[in-house]
Amino acid sequence: EGFLQVLQNKTAILELLTWQSLESRCTGEKHISVERLKSITTFPNNNSGHPIIDRFWRVFESWSDVQRSAYLKFVWGRSRLPIDLTRLAYKHQVRLMTDMNPQAFPQAHTCFFQLDIPNYDTDELMNSRLSVAAELCGEMDTDGTATQDLD
């Protein structure tokens, strides 16, 4: 009822869309496309041939959609990419931070869709640090999570 109340007299559009199509238009695709993320990603403080760029994409491509979604939540506060990528206030940035300890965990700046990473020596180390950071980052807020612990 609430959804129909927001749409008011425009409910005819619901007859044109499947529930899956409506869901993806409202919340983004469940599948996190590497190509779509690449299209909005920059590595602003290093040259285009730096090995960290290929390393980042190899690690990201090896992940499942669940892991990719956790990464987005960590770096952006949202778990899916929107359908329309042209209206983003900030594009995804991966910044190589040469002053960070090469064993350190990455740092995310969710307001700016930005990730700061050290110069990891191997794909395995990057995978490990990014995976743990994404899995343990938790929620941006407590919507729906504060009461889960009480059950």
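The values are calculated or read from the model by the stated rules, or taken from the named source; none is laboratory data. As the structure is a prediction and not an experimental result, all values here were calculated from the model. Quick reminder, even Gly has a Cβ in these numbers, built from the backbone with ideal geometry, and neighbours come from all protein chains shown. SASA here: full protein model, heavy atoms, side chains in, ligands and nucleic acids out. Shrake-Rupley method; radii C 1.70, N 1.55, O 1.52, S 1.80 Å.
Below are the figures for this structure:
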item	result
Computed FRET value (nearest 0.05) for MET100 with ARG36, which takes r as the C-beta separation and R₀ as 22 Å	0.20
Contour minus Cα-Cα distance for SER64 and ILE83 (0.36 nm per residue)	4.9 nm
Computed label-point distance, nm, for sites LEU136 and TRP57 using a 7 Å Cα→Cβ extension	3.0 nm
Amide H within-cut-off set for MET97, under 5 Å, with H built and near neighbours excluded	ILE117, ASN119
For segment 39-94: rounded, prolate or oblate by the Cα gyration tensor [a/c cutoff 1.5]	oblate
Accessible carbon and sulfur surface of segment 37-95 relative to its total accessible area, %, 1.4 Å	48 percent
Modelled FRET efficiency - R0 25 Å, LYS91 with THR18, Cβ distances, 0.05 increments	0.25
Gyration tensor verdict on segment 27-67 (Cα atoms; rounded if a/c is under 1.5, prolate if a/b is larger than b/c, oblate otherwise)	oblate
Inter-part distance where segment 89-104 and segment 33-63 are each reduced to a Cα centre, Å	12 Å
